[in-house]
Amino acid sequence: MTKAEDTLTLDTTKGRVVIAMRPDLAPQHVARIKELVRSGFYDGIAFHRVIDGFMAQTGCPLGTGTGGSGRKLKAEFNREPHLRGTVSMARASDPDSADSQFFICFDDARFLDGKYTVWGKVIAGMENVDAIKRGEPVEDPDRIVRATIGA
């Protein structure tokens, strides 16, 4: 059972998405996500890269996939598989370049296993993730309206 303080709720333009965060897998990433959520960082942020059958990516304040919060995180790769509903950090080619961007898998993406930091799993609202507008970049993208920690 997920503790309330380890639950992330994303109210999106497509509806609510609830994520069980996994500090047991990626304690530094979960701590940073919580900091960013509490500061309002994710409120209004677009899903800027959404690839059908793969994933929906968000967390770039510029809406282009080139920005972040300004604080890189050391990789916390783990054995958790990238399956439908998995939430994992986006990064550049440097394994220690994750910042604020993350993605939610639409389908299994096991080729990412051990190469990206998994830090959560969608536990409610996956149908709302499925409804996010596709594109790379996305024209008139769906957004996180508000992100909150706790039940």
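Things worth noting here:
- Residues SER97, SER39, ranked from the fewest to the most other C-beta atoms within 10 Å, line up as SER39, SER97.
- Placing a label point 7 Å from the Cα of ILE149 along the Cα-to-Cβ direction, the residues of the stretch 1-18 whose backbone N falls under 12 Å of that point are 4-9.
- Using only side-chain charges placed at the Cβ, +1 for Lys and Arg and -1 for Asp and Glu, the dipole size of the chain relative to its Cα centre rounds to 300 debye.
- Packing order of peptides 120-131, 80-91, highest average first: 80-91, 120-131 (average count of other Cβ atoms within 10 Å over each peptide's residues).
- Semi-axes of the equivalent ellipsoid for the stretch 4-149, Cα gyration tensor, largest first, Å: 19, 17, 16
- Taking every C-alpha pair closer than 8 Å and separated by at least 6 residues, the mean separation divided by the residue count of the chain gives a relative contact order of 37 percent.
- Based on DSSP H segments of at least four residues, each scored -39500 (n - 2.57), the chain has a per-residue ellipticity at 222 nm of -3000 deg cm²/dmol.
- Each of THR66 and ASP96 was given a label point 7 Å from its Cα along the Cα-to-Cβ line. The distance between the two points is 2.6 nm.
- Using 0.36 nm per residue and subtracting the Cα-Cα separation, the extra length available between ASP140 and SER39 on full extension is 33.9 nm.
- Between the stretch 17-41 and the stretch 119-137, the C-alpha centres lie 17 angstrom from each other.
- Global form of the stretch 1-47, assessed from the alpha-carbon gyration tensor, a/c cut-off 1.5: oblate
Where a number appears in this text, it was derived from the coordinates with a stated rule and is not lab data. Just so it is clear, the structure is predicted and the values come from calculations on it, not from any experiment. When we count neighbours, we look across all protein chains shown, and the Cβ atoms used for this are built from the backbone with ideal geometry, even at glycine.
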